[in-house]
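Q: Here it is, the structure, as structure tokens.
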Amino acid sequence: MSSSVSVANENGVAVVTIDNPPVNALSFHVRKPLYDALAALRDDPAARAIVIVCAGRTFVAGADITEFGKPIEQPELRAIVALLETIAKPTVAAIHGTALGGGLELALGCHFRVADAGAKLGLPEVKLGLLPGGGGTVRLPRLVGALKALGMIVSGTPISAGEAIAAGLADAVVDSNLLAEAIRFAREMADRGGPFVPVRDRDDRLAETDLAAFDAQAAGLAKKARGLEAPLACAEAVRNAITLPFDEALAAERLLFQKLVSGDQSRAQRHLFFAEREAAKVPGKDLQKRRIERVGIIGAGTMGGGIAMAFANGSLPVTLLETSEEALRRGLATIEKNYAVSVSRGSLTEEAKQQRLGLFKGSTDYADLAGCDLIVEAVFEDMTVKKEVFGKLDAIAKPGAILATNTSYLDVNEIAASTSRPEDVLGMHFFSPANVMKLLEIVRAERTAPEVLATVADLARRIGKVAVVVGVCHGFVGNRMLAARGSENEFLLLEGATPSQVDKALVDFGWPMGPFQMGDLAGLDIGWRNRKARGQTAVIADTLCEQGHFGQKTGRGWYRYESGSREPVTDSEVEALIRAKAAELGIGQREVGADEIIERTLYPLVNEGAKILEEGIAARASDIDVVWVNGYGFPIGKGGPMFWAALEGGPRIVERLEHWHRQTGRPIFEPAPALRRVAETRAWEGAGAR
């Protein structure tokens, strides 16, 4: 019928094949011939049953996201599903790979679903700031029950084929020959005879729903939403499936979808979806990537151990090097303990734990790194120490091995220059805990070979990281901007704000926690040590550290922590210290509002991002957004600092920065040239390096 949809008759069973690589998205050029094929087959006496299957590596993995927010060409998915539900003969979705979003909604339009044992099924629209817009919130509860559907839709997490058949979402699971088995199943259903009841008319599971239990579960999920609209809308739509007739619930779902798709939060989350895919791209179509089969990690401390786990989690053998047997044993014991915690939580099986532990080889001899294809240094953040390590690596690493430093701040060019092979050197800045945090800043030094960048970017995806390629400067993208965000924190306190007021303003904005609570969690001694190394001071934080108040680990920092609790409690002594320091410095205190706190912390953050673009440290504004959402907790519903800045409006940010520059005289508030260009054009495109 078309290049994307074809029909074949297999002894009375019509097989409709969708072929729209790479993921068989339901674009218009798929929907139109699919609708026409199903309309023709509905009344075709030669077809006793219909099987919908997909070519390539997956079933339909979703809608065409590029169409969201635009006028949809007809027929849309809802019309195809409605057409399926008018077909009296048995219809079967043959699912392999992933049936996600619109793909699962298409399958829900069929009478039956036969899945390959390795298939995943889910409705992940919430991760794009949306809810399922093709009837998923109304049909899924009719198969799996309202509580199960609520959990699947609000989390957006796919379930396995085994879970699907247990829940009632799949009717059969097969280990091989999916299409043949789906045809056999369809023929068997046709022989058995109808009537075949569409999912829309199956109300038994809904009738079983305990509405009070549903509302309690929905309330718990709402608490976790942290200002995101989509999870709440998803819960509302599933509740409508319980309380409203089918067509009314379907219409309500559509209204909720339209409201979300036109809103800033979904625009922000869709922006991030594409930004993550763009961030790790390395120019050059025909770059020959190097093979990475064994990884070496130098340092088995918190960072080194976490990095080693990240590679083992990606099924890569790891040689873990330490300076002493005691340090090595301690590091390996921590790794085993971390995996044991995952087993106790049910996120890892005992078998998988043992498999991962089997990938580790401990050593105290640099010679044992000679066979590694990638070696990551994760030692103390000191240039002399790191250059000494790279000198040793230069002597023992095999030709073509990639040498990476996990530095958070230091000059990767200087580190690379300490070797005879600077083209093989780059930065791999993991975020702690490295086995959990998604972000990886790949730091491009002046002489890093393009194929080295491409190899590491590809490897990052292999170990489940979101990679962003950045240039060399102090702190790269993330930590450089973090310094800008925190530059006013103590000034805000000295002028009259309290730590809890600053933290509340940032949490209300959407951050998981504020800067002072985060400081207590990380340990105030870390920042103290860094300041001393750079000849800097922070009058209040330094005093707290001199008193031995390092945060949660000592029970006191910016807050008190009672009896080992992680819950911060306002500390009146800290507030008294702030007032005393303000008096010593002759600073009059006043009321500081939430708006001022946001302007004096987040506008400098954006301004530093503009400088980073100006200098070419980041290639795109969207790269900065990916860094901040995945590494620092910037609210996902705001799309990252640069996307949010565009919504705020460049002119407003420039005007307020100039205001605070006049008030304080501090250079942090001097608008960057790139930000001024945004103020003129209202767009980031072209605002970067000139």
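Q: Say whether the condition of being of a type in the set (Val, Ile, Thr), modelled with pLDDT of 95 or more, surrounded by fewer than 24 Cβ atoms within 10 Å (Cβ to Cβ) and under 32 Å from the mean Cα position of the chain (by Cα) is met by at least one residue in the range 39-61.
A: There is at least one residue in the range 39-61 that is of a type in the set (Val, Ile, Thr), modelled with pLDDT of 95 or more, surrounded by fewer than 24 Cβ atoms within 10 Å (Cβ to Cβ) and under 32 Å from the mean Cα position of the chain (by Cα).
Q: Can you tell me which condition THR209 does not meet? The list is (1) of a type in the set (Val, Ile, Thr); (2) within 25 Å of the chain's Cα centre (by Cα); (3) modelled with pLDDT under 95, and all the others hold.
A: (2)
Q: Same structure again: Output the residues belonging to the range 85-119 that are surrounded by fewer than 24 Cβ atoms within 10 Å (Cβ to Cβ) and among the charged types (D, E, K, R).
A: Answer for the range 85-119, where residues must be surrounded by fewer than 24 Cβ atoms within 10 Å (Cβ to Cβ) and among the charged types (D, E, K, R): GLU85, LYS89, ASP116.
Q: Moving on. Restrict the check to the range 438-445 and report whether at least one residue is touching a strand residue (DSSP E or B) at 6+ places or on another chain (Cβ under 7 Å), surrounded by fewer than 17 Cβ atoms within 10 Å (Cβ to Cβ) and either modelled with pLDDT of 95 or more or not assigned by TED's automatic domain parsing to the domain that holds GLY616 (or both). Before you say what the answer is, go through the steps one by one.
A: Of the residues in the range 438-445, the ones touching a strand residue (DSSP E or B) at 6+ places or on another chain (Cβ under 7 Å) are 438-445.
Remaining after also requiring surrounded by fewer than 17 Cβ atoms within 10 Å (Cβ to Cβ): 438.
Pick out the ones that are also either modelled with pLDDT of 95 or more or not assigned by TED's automatic domain parsing to the domain that holds GLY616 (or both) and you get 438.
Yes: one or more hits.
Q: To continue, here is another question. Please return the ranges of helices (runs of 4 or more DSSP H) entirely within the range 325-436 where 3 or more residues are within 29 Å of GLY478 (Cα to Cα).
A: Details: elements: 325-345, 350-357, 383-396, 412-416.
In the range 325-436, 325-345, 383-396, 412-416 are the helices (runs of 4 or more DSSP H) which contain 3 or more residues that are within 29 Å of GLY478 (Cα to Cα).
Q: Write out, first by first residue and then by second, each pair whose Cβ atoms fall under 8 Å of each other, whose residues are 6+ apart or on separate chains, and whose first residue, in the range 27-55, is on the phi > 0 side of the Ramachandran plot while the second is part of a helix (DSSP H, G or I) and at pLDDT 95 or above.
A: Sorted first by the residue in the range 27-55, then by its partner, the list stays empty.
Q: Inside the range 470-507, can you point out the residues that are surrounded by 24 or more Cβ atoms within 10 Å (Cβ to Cβ), within 30 Å of GLU423 (Cα to Cα) and touching a Leu at 6+ places or on another chain (Cβ under 9 Å)?
A: MET481
Q: Just to verify a result, which residue in the range 62-79, among those that are among the charged types (D, E, K, R) and part of a loop (DSSP other than H, G, I, E, B), is modelled with the lowest pLDDT? Give the steps one after another, and end with the answer.
A: Step one: of the range 62-79, the residues among the charged types (D, E, K, R) are 64, 67, 70, 73, 76, 78.
Then keep just the ones that are part of a loop (DSSP other than H, G, I, E, B); that gives 64, 70, 73, 76.
Working: ASP64: 84, LYS70: 76, GLU73: 85, GLU76: 94.
Result: LYS70.
Q: I would also like to ask the following. Among (1) among the β-branched types (Val, Ile, Thr); (2) surrounded by fewer than 14 Cβ atoms within 10 Å (Cβ to Cβ); (3) touching a residue at least 40 places away in the same chain (Cβ under 8 Å), where does VAL318 come up short?
A: (2)
Q: Considering only the range 145-191, state which residues are of a type in the set (D, E, K, R) and over 30 Å from PRO245 (Cβ atoms). Spell out the reasoning first.
A: Initial filter on the range 145-191 (of a type in the set (D, E, K, R)): 148, 163, 171, 175, 181, 184, 187-188, 191.
Residues satisfying the conditions are ASP175, GLU181, ARG184, ARG187, GLU188, ASP191.
Q: Moving to a separate point now. Going through the range 649-671 one residue at a time, which ones are among the β-branched types (Val, Ile, Thr) and over 31 Å from the mean Cα position of the chain (by Cα)? Explain how you work it out, then say what you get.
A: Step one: list which residues in the range 649-671 are among the β-branched types (Val, Ile, Thr), which gives 653-654, 664, 668.
Listed by number, the list holds a single entry, THR664.
Q: Please go through the range 473-501 and give me each residue that is assigned to a helix (DSSP H, G or I), within 30 Å of ILE617 (Cα to Cα) and aliphatic (A, V, I, L, M), ordered by number.
A: Those that are assigned to a helix (DSSP H, G or I), within 30 Å of ILE617 (Cα to Cα) and aliphatic (A, V, I, L, M): MET481, LEU482, ALA483, ALA484, LEU492.
Q: Quick check on the range 508-529: of everything there that is free of Cβ contacts under 8 Å to residues at least 24 places away in the same chain and surrounded by fewer than 17 Cβ atoms within 10 Å (Cβ to Cβ), which residue is nearest to the chain's Cα centre (by Cα)? Break it down into steps so the answer makes sense when it comes.
A: In the first step, residues of the range 508-529 are kept if they are free of Cβ contacts under 8 Å to residues at least 24 places away in the same chain; the result is 514, 518, 526-529.
From what is left, the residues that are surrounded by fewer than 17 Cβ atoms within 10 Å (Cβ to Cβ) are 526, 529.
On the way: ILE526: 27, ARG529: 31 Å.
The residue in question is ILE526.
Q: Let me ask another. Among the residues of the range 262-284, is any over 25 Å from the mean Cα position of the chain (by Cα) and free of Cβ contacts under 8 Å to residues at least 12 places away in the same chain?
A: No; the residues of the range 262-284 include none that is over 25 Å from the mean Cα position of the chain (by Cα) and free of Cβ contacts under 8 Å to residues at least 12 places away in the same chain.
Q: Follow-up question, since we're still on this one. In the range 417-431, what residues are of a type in the set (Gly, Ala, Ser), in contact with a helix residue (DSSP H, G or I) (Cβ under 6 Å, 6 or more places away or on another chain) and surrounded by fewer than 24 Cβ atoms within 10 Å (Cβ to Cβ)?
A: Matches in the range 417-431: SER418, SER420.
Q: In the range 4-12, is there at least one residue being in a helix (DSSP H, G or I) and either in contact (Cβ under 8 Å) with a residue 12 or more places away in the chain or within 36 Å of the chain's Cα centre (by Cα) (or both)? Before the answer, list the steps.
A: Step one: filter the range 4-12 for residues in a helix (DSSP H, G or I), giving none.
Within the range 4-12, none of the residues are in a helix (DSSP H, G or I) and either in contact (Cβ under 8 Å) with a residue 12 or more places away in the chain or within 36 Å of the chain's Cα centre (by Cα) (or both).
Q: Just checking, how many residues over the range 281-315 are at pLDDT 95 or above, polar (S, T, N, Q) and surrounded by fewer than 16 Cβ atoms within 10 Å (Cβ to Cβ)?
A: Residues flagged as at pLDDT 95 or above, polar (S, T, N, Q) and surrounded by fewer than 16 Cβ atoms within 10 Å (Cβ to Cβ) within the range 281-315 amount to 1.
Q: Let me ask you something else. Would a scan of the range 166-174 turn up a residue that is in contact with a Lys or Arg (Cβ under 6 Å, 6 or more places away or on another chain), among the small types (Gly, Ala, Ser) and part of a helix (DSSP H, G or I)? It would help to see each step written out before you state the result.
A: The initial filter retains those residues of the range 166-174 that are in contact with a Lys or Arg (Cβ under 6 Å, 6 or more places away or on another chain), namely 167, 170-171.
Filter once more, keeping what is among the small types (Gly, Ala, Ser): 167, 170.
Next, from what is left, pick out any that are part of a helix (DSSP H, G or I): 167.
Looking for residues that are in contact with a Lys or Arg (Cβ under 6 Å, 6 or more places away or on another chain), among the small types (Gly, Ala, Ser) and part of a helix (DSSP H, G or I), one finds at least one in the range 166-174, hence yes.
The values are calculated or read from the model by the stated rules, or taken from the named source; none is laboratory data. Being a predicted model, the structure only gives us computed values, none of them experimental. Note that each Cβ is placed from the backbone with ideal geometry, even for glycine, and that neighbours are counted across all protein chains shown.
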